[in-house]
Each structure stands twice: as C-alpha cells, then as structure tokens.
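Read the figures in this text as sums done on the coordinates, not as results from a lab. All figures in this text were calculated on a predicted structure; none of them were measured in a lab. Virtual Cβ from ideal backbone geometry, glycine too; neighbours counted across all protein chains shown.
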Amino acid sequence: MSLSEINPIQRINELYWGFVISRAIHVAAKLGIADHVDQQGVHVKTVAEKLSINEDRLYRLMRLLASYEIFQETDKFVFTTTAFSDAISTSTEGNFSVRNAAHMVTKSMWEAYGHLEHSVRTGEDSYTDLFGKGVFEHLDDEAEENDQFARAMHNYAELENPVIAECCPVGHLHSVVDVGGGQGGFLKEILAQHTQLNGMLFDQPLIIEQATHIEENSVLNLRFDKSGGSFFEKVPAGADAYFLKRILHDWSDEDCCKILKTVKAAMMPESKLYVIDAIVPEGNVPHFSKEIEAFLMTWGGQERDLVEFDKLCKKTGLKITSVIETPTPLSVLEIQIAN
Ligand SMILES: C[S@@+](CC[C@H](N)C(=O)[O-])C[C@H]1O[C@@H](n2cnc3c(N)ncnc32)[C@H](O)[C@@H]1O
C-alpha cells in the first residue's frame, strides 16, 4: 500500500503514539525480561519474581510487546521468545543482540527529547535549559547514565565497526589516532584488519580509564596506546591518520570548527582525517540520519549534508578529498589540509 492510500488521520495517530512502543522496548531491554523467557513458555509470575518487579504491570508490558511480535503469548499469562525478543536478550556466544543499544536513551536524554520544542523554538540545546549543562558534562556527573550510554555506543559499534573499518583506506599507513574513540571498539577493528598499523585511542580521561577492550587482546596491545584529554584543547600529534567517528554530529558548527582546528593542529601536512558520520541525503527520502537528527538537536548537535560538511572544512582550512559509502547509514569523508 502506498502512503497516499493510507488514511491520514490513522497514519498521524499511529506515528504520534510511536514513542509508547519505543519506551516499552527500552524498559524490556533494560530490565532484561527476554533473559527470563524461553521457547517453551514461561508464566509472567515467574519472570516478575526473578526480576523482583510488579507482575500485573509486567504482564501488560509484555502483552503490548507481543502485539509487535516481541514475545508471543501462547497461553493466558504464558509467553515464549521470538526472533525479535532474542534481539533484546543478553548477548551470548552464537546470539548477538542489541540489548544495550535498545536502552540507550537514558532518563535525562528522554527528558531532553521531551523538551524538543525548546530546541526548535530557540536553536539551543534542551540539556542546558533543563539541567544547566550540556549532555556530556551531565553524563560525566551521572555515573549510571554514563555507563548505560557507553555500553550502548559499544553495542552499536560492535554492529557497524567491522564493515566501516573495511571501507577506510589505511592499508599503506603506519599510525592512526581515534579521536573520541570511546571504548576503543573501532580502533581495535582497524588494528585487527591492518597489522602494520599502530593506534592511539583518545577520549575524555574517565572514558579512557574504562576502555579495556583492546588491552584484553594481548596481540593488539603491542600496537596500541591510549591518552585522555579534550578534543577542544589538544589531541596527540603527528599521526598519519585521524578518525572522528560519530563525533561531529554531537556538536554545533561552532564547536565542530573548534574540534576540527584542534585535529588540524595535530596533523602533519600529508596526514588524512577520516570523518565518519551520516551524510543527510537531498530531498524527501527517509533516512536514519533525519530521525537521529531530531534527537541530537536536544544535545545541541545535528546531522549534516555534504554542502554543510564542505563549509565546516573550508572554515577550518581543510578540504574533502573523497567520500566513501559504507553498508551502514554512515559514510567516510576523507579530508586533508587545504594548501
Ligand atoms: C557518540 S560517542 C562516539 C564514540 C565512538 N567514536 C563511536 O563511534 O562509537 C562520542 C564520544 O565523544 C567523546 N567526547 C565527548 N566530549 C569529548 C571531549 N571534549 N574530548 C574528547 N572526547 C570527547 C565521548 O566520551 C564519546 O566517547
């Protein structure tokens, strides 16, 4: 059925109430409900007891989820797993899941998105208006939320890193720095795919302390180092290539220029910078970047089209030399210092 054949009233109502199922998935993933259901069928009372939560409310939540094929109610109050509920169970060997990603939107992020109107009216981030500080400063002070966000980013990264790393032309280089590299998942993938490379993970000091994924791998460990600091001040100098993956879309144009200038100051004349972000397509086509952008506006961030990336580069003395598509919604922009 094409969109024009759908009743507009029904369509708007369904879209409007979309946040209900979104938050229901979030709660199910956060509580780990799927871990206590199996293929044979488990009574909701058993699940509630295992999780020490309210049986009646759990039943109603699972009944909603089952209407989207996330669980199936096979007998009254008895639920079995489905392929979709498996996707939000805890990852085990042979069962990769998005459980951590499916509860990324922390309490403050949810509140900030609820305050989207402020961003649209003023162009400001909702976080500062609500909490008196930006999203990353807020997360720094909220250990549980910070941890929840870091685990979600790592989960997304596990999904996308191998294929994005394959698209980065670093086969002839010797040293790379992943700026804002989080827990090091992307750098680990790049180093694993290119055995001649040495890598430096750079992020905020608190995040760097928690980044142990590469250190657990003794082979890669020999070619890996890490450093804590702020990309608004200084990043490690003299590498052949720098990555900024999923960074610029968190920030305003003004902040992006500051980040790009810091990275440029660390680059050698022949160094490459790989900005890995979504490039918003022209026109009315649906694209994941357009959904994420509304959410990011409440952080003061935004997605960008190619013209906007080009403007940022020109303002900071950089130039885009190529654009590489990946099998994900993200692209790789290859950038160099402009002469
Ligand atoms: C959206 S995450 C992206 C993480 C990773 N690059 C990825 O693709 O999974 C943004 C990262 O920027 C880091 N970050 C935020 N502010 C920073 C700063 N001032 N200096 C360095 N890193 C910062 C955060 O700690 C976080 O790891």
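Within the listed set Asn161, Asn95, Asn221, the residue fluctuating most in the Gaussian network model of the chain (springs between alpha-carbon atoms under 10 angstrom) is Asn95. Amide H contacts of Gln204 (H built 1.01 Å from N, in plane; Pro and chain starts excluded): Gly229 sit under 5 Å, all sequence-distant by 5 or more or on other chains. For segment 3-99, a simple Cβ point-charge model (Lys and Arg +1, Asp and Glu -1, everything else neutral) yields a dipole of about 360 debye relative to the Cα centre.
Only Cα pairs under 8 Å and 6+ residues apart enter the sum, and on that basis the relative contact order of segment 261-307 stands at 35 percent. Of the residues Leu65, Ala29, Met153, the one whose Cα sits farthest towards the positive end of the charge dipole of the chain is Met153 (charges of +1 on Lys and Arg Cβ, -1 on Asp and Glu Cβ, taken about the Cα centre). Trp17 to Val120: FRET efficiency via 1/(1 + (r/R0)^6), r the Cβ-Cβ distance, R0 25 Å, to the nearest 0.05? The pair Trp17/Val120 has a calculated efficiency of 0.75. The mean sequence separation of alpha-carbon pairs under 8 Å and at least six residues apart, normalised by the residue count of segment 3-99, gives a relative contact order of 27 percent.
Under the convention that each Lys and Arg Cβ holds +1 and each Asp and Glu Cβ holds -1, the size of the dipole of segment 61-132 around its Cα centre is about 160 debye. The trypsin sites (Lys or Arg not before Pro) of segment 109-196 that meet both conditions, a loop assignment by DSSP and at most 16 other Cβ atoms within 10 Å of the site Cβ, are Lys133. Phi angles across segment 189-204 convert, under the Karplus curve 6.51 cos²θ - 1.76 cosθ + 1.60 with θ = phi - 60°, into 3J(HN,Hα) values of 5, 4, 5, 5, 7, 10, 6, 8, 8, 9, x, 10, 9, 10, 7, 5 Hz, Gly and Pro given as x.
Neighbours of Val47 by Cβ distance under 15 Å: Lys/Arg scored +1, Asp/Glu scored -1, total 0. Bridges between two residues of the chain, per DSSP, are antiparallel at a rate of about 50%. When shorter helices are ignored and each DSSP H run of at least 4 residues is given -39500 (n - 2.57), the per-residue value for the chain at 222 nm works out to -13000 deg cm²/dmol. When the chain is treated as a Gaussian network with alpha carbon springs shorter than 10 Å, the biggest mean-square fluctuation among Thr122, Thr195, Thr316 belongs to Thr122.
Work from the charge dipole of the chain (Cβ charges, +1 for Lys and Arg, -1 for Asp and Glu, about the Cα centre) and give the residue of Ser331, Asn54, Gln204 farthest towards its positive end. Of the options given, the answer is Ser331. Classify the chain: rounded, prolate or oblate, from the alpha-carbon gyration tensor (a ≥ b ≥ c, eigenvalue square roots; a/c under 1.5 rounded; otherwise prolate if a/b is larger than b/c)? Prolate, because a/c is 1.5 or more and a/b exceeds b/c. Given +1 at the Cβ of Lys and Arg, -1 at the Cβ of Asp and Glu and no other charges, the dipole of the chain around its Cα centre is 240 debye to the nearest 20.
For the listed residue pairs Lys226/Lys272; Lys188/Lys245; Lys258/Lys315; Lys258/Lys311; Lys258/Lys314, the alpha carbons are over 18 angstrom apart in Lys226/Lys272. When you restrict to C-alpha pairs under 8 Å that are six or more residues apart and normalise by the size of the chain, the relative contact order lands at 12 percent.
Under the classification rounded if a/c is under 1.5, otherwise prolate if a/b is larger than b/c and oblate if not, where does segment 47-171 fall, given a ≥ b ≥ c as square roots of the Cα gyration tensor eigenvalues?
oblate
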